[in-house]
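Each reported figure results from applying straightforward, stated rules to the coordinates on display, with no laboratory input. Given the structure is predicted, the values throughout are model-derived calculations rather than measurements. Here the Cβ is made from the backbone with ideal geometry for all residues, glycine too, and neighbour counts use every protein chain on show.
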Amino acid sequence: MLHLFRNRAYRHLFAAQVIALLGTGLATVALGLAAFDIAGARAGSVLGIALTIKMVSYVALAPIASAFADRVPRRTWLVSLDLIRALVVLGLPFVDAVWQIYLLVFLLQAASAGFTPAFQATIPDILPEEEDYTRALSLSRLAYDLESLASPALAALLLTLVAAPTLFVGTAIGFSLSALLVVSVRLPAATPQPARGFSDRTTRGLRIYLRTPRLRGLLCLSLAAAAISAMIFVNTVVVVRSTLGLGEGEVALALGAFGGGSMLTALLLPSLLGRLPDRSVMAGFAGLGCAALCATALWSLNGLSLSGVMICWFVAGIGYSGTLTPSGRLLRRSAAAEDRAALFAAQFTLSHGCWLLCYPLAGLGMTWLGLEPVLLILAAIGIMGILAALRLWPRNSGDALRHEHPDLPADHPHVSATQPQSHRG
């Protein structure tokens, strides 16, 4: 993987991603502290609504942002959104009402909804070889997992030295450095787009996505991944603090086990994907994640321990990472260059729609039904997603798949308005 960093453009963009992720992690910690200062005992509900706003903005705004993104030079688009995010987080230390938190969170996530898919769609143009791109996907997954582990520790260290509002300044610095790194490289120009109306540009990625067999399968596997991760992200603190009666340090250990499993898988995936079809790898890992939830439920019946949670969460992390990390390969194969950003935006929207469904289900299920039922319900959702994916995504994933896109132009490289053409699945 290290040879990828010889590519200056990729090296700078990866550094920009890592720095922006650390900044986002600091903002998450600082936002929780700010919510407590304003709302006190209601801080949990404030943060819950803020996270819902985040998901709704992702689902609603990513396709709209992609319709504008193809009219602006890539570097200008990415830098502008980084700077918008920096300015928004600088306003967070000055909030004194809950509605102001909601407004700034919406603005912050709206900018992220435009930035992330455009950023993801740029990497395949910088790394045109699929083997290199696969390794880049694994590095990106490692960056996300390291952020989830490093940001809380970094925030705790900074809070021993500075006041909590200073964390927002650190976040703004992170976004500003990300913008500087993007400015420092020449990005490949996006493929020119034919003239289309705004509505067509907004929905084009979703239409291509939902009419491509392997991407319909990817959506179902994204639902399985959301079911797996929702249990961990929403309920780990409840399982460790309430069910096991342990402290905050043990919560960090449980979440660290999940992140460790995810990072291990990200390191191993490139060689695995070189030998096995994406369909088999992704469905197999999703099944492993669902099995981890079922195992947790069975273990709980006989008395769950911290070590048991950590083992199951580690396996769940393996399943989660193995399910989602290869998704960029499928998106890259499924679009012409001019449609790539729209397709990444469609995946961004639809996958976050899955989390928007599973997050409240995990929280409400734990509250009203208890640990074992919610584990089995989420596992069942994941299994249904896997079965649907296997049905929608044909088995011969390495061979040509035939399908139609009647609303797309005849010269599209992988579709035909009248005669379906074959392409790799």
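Nearest 500 deg cm²/dmol is fine: what mean residue ellipticity at 222 nm does the chain get from its DSSP H runs of n ≥ 4 alone, each adding -39,500 (n - 2.57), divided by its residue count?
-26500 deg cm²/dmol
For the chain, what's the relative contact order in percent, using C-alpha pairs closer than 8 Å and at least 6 residues apart?
On the way: 666 pairs, mean separation 97.9, N = 425.
Computed over the chain, the figure is 23 percent.
Which one, I318, A65, I19, is farthest towards the positive end of the dipole of the chain when Lys and Arg carry +1 and Asp and Glu -1 on their Cβ?
Positive-most Cα among the choices belongs to A65.
May I ask you to list the GluC sites (Glu not before Pro) in the range 62-160 that are in a DSSP loop and have at most 12 other Cβ atoms within 10 Å of their Cβ? Show your work: numbers first, answer last.
Details: sites: E129, E130, E131, E147; in loops: E129.
In loop regions of the range 62-160 (DSSP not H, G, I, E or B), the sparsely surrounded GluC sites (Glu not before Pro) are E129.
Report the semi-axes of the equivalent ellipsoid for the range 1-138 in whole Å, largest first, where each axis is √(5λ) for an eigenvalue λ of the Cα gyration tensor.
They are 32, 16, 13 Å, listed from largest to smallest.
What is the Å³ per residue value for the convex hull set by the Cα atoms of the range 200-398?
Values: hull volume 22.8 nm³, N = 199.
Spread over its residues, the Cα hull of the range 200-398 gives 114 Å³ apiece.
For the chain, treating each Cα as an identical point scatterer without solvent, what Debye log10 I(q)/I(0) comes out at q = 0.07 1/Å?
-0.33
Give me the extension gain from S307 to R207: residue separation times 0.36 nm, minus the current Cα-Cα distance, reported in nm with one decimal. The partial results should precede the final answer.
Values: separation 100, 0.36 × 100 = 36.00 nm, distance 4.54 nm.
Net length gain for the segment: 31.5 nm.
Tell me, what HN-Hα J-couplings in whole Hz come from the Karplus equation 6.51 cos²θ - 1.76 cosθ + 1.60 at θ = phi - 60° for each residue of the range 9-25, using x for Gly and Pro?
4, 5, 4, 6, 5, 5, 4, 4, 5, 5, 5, 5, 5, 4, x, 5, x
On each of the three principal axes of the Cα atoms of the range 239-300, give max minus min coordinate, whole Å, ordered largest first.
Sorted largest first, the three principal extents are 44, 23, 11 Å.
To check my understanding: the extent here is largest minus smallest coordinate of the Cα atoms along each principal axis. What are those three numbers for the range 284-340, in Å, largest first?
54, 15, 13
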